[in-house]
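Here's the structure we're looking at; comments come further down.
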Amino acid sequence: MCCESKRRFLLLYATQKGQAKAIAEEICQQAGAHGFEADIHCISEMDKYNLETEKDPVVIVISTTGTGDPPDTARKFVKKIQDKTLPPDHFAHLQYGLLGLGDSEYMFFCNGGRTVDRRLQELGAQHFYDTGLADDCVGLELVVDPWIDGLWLALKEALQLQEEKEGMNNTVDPVSSSLSTAPHAVHELKLSSEVQNLKLEDEGARNSDILSQKLDDIDLVAPAKDTKPSLVHSVPPVSESALNIPSLPPEYIEVEFQDSQGENPHLSSLISEGTTFEVPVTKAVQLTRGDAVKTALLLELDIADTAFEYQPGDAFCVICPNNISEVEELLHLLGLSEKGDDFICVKIKQGTKKKGASRPQHIPERSTLKFILTWCLEIRAIPKKAFLRALVECTSDVGEKRRLQELCSRQGASDYSQFIRDSNVCLLDLLHAFPSCKPSLSLLIEHLPKLQARFYSVSSSNLYQPERLCFIFNVVEFPASPSRPVPRRGVCTGWLAELVAPLLHPSENSLDTKGERPLIEKISIFPRPNNAFHLPVDPSVPFIMVGPGTGIAPFIGFLQHRQKLREKHTDWEFGETWLFFGCRHQDRDYLFKQLQCFLENGTLTHLKVCFSRDSSTAEVAPPKYVQDVLRLCAKEVARVLLKERGCFYVCGDKKHMADDVSDAVVDILSMEMEADKLEAMKVLAMLRETKRYLQDVWS
């Protein structure tokens, strides 16, 4: 194929945190070795491609965000293709293959990709390759790798058929049918067998972009018998295998230190999602007792001097920095401790082989080194395999180099999952574990993703507390582990807890050294409206709220809002309200004992609470979890949902609560309808579809 011109295909990606972009870039990089040229663009760059006139095959890599939404970069594209005036043959000329990324911990798995896939089909577009759905819960690579492997043959056949059609001048050639059943032939991905039968040595074109490394090339000391694998140590068969290693990503960033001074960019310039607001923190309250397992804080923000608007149930984002100690530690390991305050200029490397190389949008062209490491790069990100592959070239110790190669290889996929992904290992952990690894600053800018703003549910009502916005969060704690020897706090929650410490402990920090009150801290936020998780438009509609722990946050806003509406509109009819709340201990982490006030003034009709770790001397043990209390109220729950057409809201932890609540609702519906579970599941699906069963969950 070296003598032929490379065949073009259009490659689009829609990313929220950078994963879809990284996978698209890997496809782009491999394309050349297979005789193709990828015309790669972010799906938001609609001025650079035109699907209405596109003749070549299109490959789309798209992630999912929130509870099933397309990523922000795909919003305009999705809105455009969902135009109801488009005819059903609008994309009849289009051949495409789609790779969706998602997390099966969430109800609407890969819904961003499914939404685009379904709509393209409705508009007449045809698959030339089967849709792949990769699950971050078990490891994206389990689907991504075999999907990319099969892409090249599918592209070759699609283009071959396209050429034959163009050359036939509308005459039918019976031979062409032997190549494939149709121009849009679906190539089924039998992923389970693909994953189980991955070859240690690939054939043909794969050898041009995958390094197959023999053990003979490395002088390693044989590992001791009966030892267990770890982040830095492997055992057979991995330690004795020839490795299939990803091709080395081309360098494309150049960093230039400058002598001149200046000012760092404003934080608002780093955000593409909309208007940012810098607001003071006026109040901080610790809701849990000091001996509680988790520390829950409530913060109040003053939004009086802003145009920030919200409804109860909405979310908003906090722009947060990396931990300053970790930034200093990283500078030290990079040998740049003395240069943290120096200004740097980030440019594209001259002569780079990376197609369409451009400076990442989240990296300012000019700022201090410390600003980039503090506000722009997610230094806690779990390193992708492409990053590990690049780090191999920065590692001098032969044994460390081999182990990094294993971790990014196909043969080391299980080790990567166990010791990198599942252990939440970050760059700092790798640099400590592999001390001979000395990456350049430009490599970090190329491979570390954007530092994402963190989402929080609003826990207040603008009617109840005008010009104020409240939110609740647990201070996230990551205990030490074999792969990560130091404990850490969450990037944002740890920063917020430290920021508001003077407000939490005013007696200790009430005055500074000059005898003056400390300055009120400010944080930068921007809105993230929720299109569905709101109170019913009709106040007479009854609703049920399930929110254990900090999952109660939006429901405090709901109840505050409902109380003010009741006070203002005494002639309105209001439906009954149920709240199911749970926590570990009644005396340590019952976050809002004032819920009783809502009950007493009639805003809340029924309050059901449970405490999972409190002991009981009762003959019949009380229910421990909210799903248990729901089952005890089965008849009432079924009445609200089925007879009174009420709404059901769930907020909180996805993995350990929301699924159990969903199962409980299915059991309740099945029992009260006297129907089998399948029928009950159909009813629940209908409730979801009609926005009467709504979730605001996180993993």
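Observations, loosely collected:
- Relative to the longest principal axis of the Cα atoms of the chain, the long axis of helix 553-568 makes an angle of roughly 40 degrees.
- Nearest-20 debye value, the chain charge dipole, Cβ charges on Lys, Arg, Asp, Glu: 820
- Using a probe radius of 1.4 angstrom, the carbon and sulfur fraction of the accessible surface of region 1-146 is 50%.
- Calculated log₁₀ intensity ratio I(q)/I(0) where the Debye formula runs over C-alpha points of region 8-85, q = 0.11, 0.13, 0.18 Å⁻¹: -0.29, -0.40, -0.74
- Region 238-317 and region 555-605 have Cα centres separated by 32 Å.
- Other residues lying with their Cβ under 15 Å from the Cβ of T288 contribute a combined charge of +1, Lys and Arg counting +1, Asp and Glu -1.
- P(r) weight above 17 Å for region 234-327, C-alpha pairs, percent: 78
- Dipole of the chain [Lys/Arg +1, Asp/Glu -1 at C-beta], most positive-end residue of L142, T64, F455: F455
- Computed over region 412-513, the P(r) tail beyond 23 angstrom holds 53 percent of alpha carbon pairs.
- Angle of helix 19-31 to the longest C-alpha principal axis of the chain, folded into 0 to 90 degrees and rounded to 10: 10°.
- Between the residues P506, C345, L231, the greatest Cα displacement towards the positive end of the dipole of the chain, with unit charges on the Cβ of Lys, Arg, Asp and Glu, is found for P506.
- Per residue, the accessible area of the chain comes to 48 Å² when a 1.4 Å probe rolls over the protein heavy atoms.
- The candidate values were [x] 58, 46, 19; [y] 45, 34, 26; [z] 58, 31, 23; the one computed from these coordinates for semi-axes √(5λ) of the Cα gyration tensor in Å carries the label [y].
- For the chain, the longest principal axis of the Cα atoms and the long axis of helix 398-408 meet at an angle of about 70 degrees.
- Stretchable slack from R613 to E477, in nm (0.36 nm times residue separation minus alpha-carbon distance): 47.0 nm
- Ratio of Rg to Rh for region 543-697: 0.97 [Cα atoms; Kirkwood radius as inverse mean 1/r over pairs].
- For region 7-163, Kirkwood radius (reciprocal of mean inverse C-alpha pair distance, Å): 15.5
The values are calculated or read from the model by the stated rules, or taken from the named source; none is laboratory data. What you see is a predicted model; the values in this text were computed from it and never measured. A quick note on method: Cβ atoms are made from the backbone with ideal geometry, for glycine too, and the neighbour counts reach across all protein chains shown. We work out accessible area using only protein heavy atoms, side chains counted, and drop any ligands, DNA or RNA first. Shrake-Rupley method; radii C 1.70, N 1.55, O 1.52, S 1.80 Å.
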